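Below is one structure; the comments refer to it alone.
The values are calculated or read from the model by the stated rules, or taken from the named source; none is laboratory data. Everything quoted here is computed from the prediction, not taken from an experiment. Here the Cβ positions follow ideal geometry from the backbone for every residue, glycine too, while neighbour counts run over all protein chains shown.
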Amino acid sequence: MSKKILITGGAGFIGSNFVHYIVNKYPDYTVYVVDSLTYAGNLDNIPREFFDLPNFHFVEGTITDELLMKKLTAKADVVVHFAAESHVSYSIQNVSVFVETNVKGTQVICEAVKENVVERFINISSSEVYGSALTVPMDENHPLLPYSPYAASKIGAERMVYAYYKTFNIPAVIIRPFNNYGSYQHIEKVIPRFITQALSGERLTVHDDGLQSRDWLYVEDSCAAIDKAVHGNIDNLKGESINIGTGKDTSILKIAEMILEYTGKPRDFISIGDTRPGQVDQHLSSTEKARDLLEWKASTEFSQGLARTIDWYQKNPLWWQKLRKIELSHTL
């Protein structure tokens, strides 16, 4: 049965990859995308040919716009909410922006979902809500101990969604992706930053000793998991918070070494930087709940996904060089 899907933040990294995934896999679905096109939202992330499709609709707007969100939600069977401010370091400098977008914006969408009859509302959160691992692997009952204002704002968004589920019975599901990587990721994030620095012949800065480790999830695997949340039995899923990760972790230093090896650069391109505020020491996802409720598990090994990602940045220099020019202009 054909669906009508509203995707917020659909010009961002994971959001745009999900747009690609849905449009290509379900060509009969009607897709509405809303994005405010801030620095991380980029129309270049969406293929030009999508805009010519009669069942694809893009709207430039913010999720804090109550009238707009009610209007768009009224057209949808499913709402998948990616839109968020997401840069940990930026959140330390601009806390109020993160609270406004991530908490208030999510509340606006919850209200729109409450007022309109939708089949389900998928809220995309983040593993950052856990802080650094107290136990590994980190399951969904791990304490929520945010290390940054970004993480705190995502907890606020999650709790708002859960409150609307408990109070108003909205059909909400919370997905907590671990560290995504892949094509179309902004160069502010560590993997695309390392890749583009290596391709530009620049040194890679690793903070502290670089032994901080993460569970790295290839973005196409993430899209497949969210697809399962969109199409799974909502009676089993609503009200649940579900991790999506691989159950394996890799250190920042190891990633830098792998990227340098793949791009043919010497290991001494690595330099050691200062401590990065808000950085967690370890993230490692449990996988049982996603397996049981979504019938999903990650299928891409990290070395394979990293190679695909490096290849994409090698083949799309104009995409990331434009971002580097913007970054440079902001530092001058």
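I'd like to know if the stretch 3-18 contains one or more residues that are at pLDDT 95 or above, β-branched (Val, Ile, Thr), closer than 23 Å to Gly105 by Cα and touching a Cys at 6+ places or on another chain (Cβ under 9 Å).
Filtering the stretch 3-18 for residues at pLDDT 95 or above gives 3-18.
Remaining after also requiring β-branched (Val, Ile, Thr): 5, 7-8, 14.
Then keep just the ones that are closer than 23 Å to Gly105 by Cα; that gives 5, 7-8, 14.
Next cut, touching a Cys at 6+ places or on another chain (Cβ under 9 Å) only: 14.
Yes, the stretch 3-18 contains a residue that is at pLDDT 95 or above, β-branched (Val, Ile, Thr), closer than 23 Å to Gly105 by Cα and touching a Cys at 6+ places or on another chain (Cβ under 9 Å).
Kindly indicate whether any position in the stretch 257-275 is modelled with pLDDT under 95 and in contact with a Ser or Thr (Cβ under 6 Å, 6 or more places away or on another chain). Checked against the condition, which is being modelled with pLDDT under 95 and in contact with a Ser or Thr (Cβ under 6 Å, 6 or more places away or on another chain), the stretch 257-275 yields at least one hit.
Here is a yes/no grid of residues against (1) of a type in the set (A, V, I, L, M); (2) over 20 Å from Glu158 (Cα atoms):
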site: Leu6; (1), (2): yes, no
site: Gly10; (1), (2): no, no
site: Asp65; (1), (2): no, no
site: Lys71; (1), (2): no, yes
site: Val99; (1), (2): yes, no
site: Val103; (1), (2): yes, no
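Against the numbered list (1) surrounded by fewer than 22 Cβ atoms within 10 Å (Cβ to Cβ); (2) under 16 Å from Lys297 (Cβ atoms), Ser251 comes up short only at (2).
Quickly run through the stretch 98-146 and pick out the residues that are within 26 Å of Ser285 (Cβ to Cβ) and surrounded by fewer than 18 Cβ atoms within 10 Å (Cβ to Cβ).
Ser132, Leu134, Thr135, Val136, Asp139, Glu140, Asn141, Pro143, Leu144, Leu145
Residues satisfying the criterion are present in the stretch 224-231 (criterion: part of a helix (DSSP H, G or I), in contact with a Leu (Cβ under 6 Å, 6 or more places away or on another chain) and surrounded by fewer than 20 Cβ atoms within 10 Å (Cβ to Cβ)). Within the stretch 181-206, being in a loop (DSSP other than H, G, I, E, B) and either under 16 Å from Leu306 (Cβ atoms) or of a type outside the set (Lys, Arg) (or both) holds for Gly182, Ser183, Tyr184, Gln185, His186, Ile187, Glu188, Lys189, Ser200, Gly201, Glu202. Figure legend. Inter-residue proximity from the stretch 288-308: first residues touching a residue at least 24 places away in the same chain (Cβ under 8 Å) and within 18 Å of Met138 (Cα to Cα), second residues crowded, with 19+ Cβ neighbours inside 10 Å and among the charged types (D, E, K, R), beta-carbon distance below 8 Å, spacing 6+ or different chains. Indicated pairs: Ala298/Asp221.
For the list (1) buried (at least 21 other Cβ atoms within 10 Å of the Cβ); (2) closer than 27 Å to Thr30 by Cβ, I need the number of the one condition that Leu67 fails. All conditions pass for Leu67, except number (1).
Considered as a group, the residues in the stretch 212-223 that are outside any loop (DSSP other than H, G, I, E, B) and not small (Gly, Ala, Ser) include one that is surrounded by the most Cβ atoms within 10 Å (Cβ to Cβ), and that residue is Leu217. Would you tally the residues in the stretch 138-161 being among the β-branched types (Val, Ile, Thr) and either under 21 Å from Gly247 (Cα atoms) or over 16 Å from the mean Cα position of the chain (by Cα) (or both)? Here the count works out to 1. The listed residues are Gly273, Gly232, and the only one of them that is in contact with a His (Cβ under 7 Å, 6 or more places away or on another chain) and small (Gly, Ala, Ser) turns out to be Gly273.
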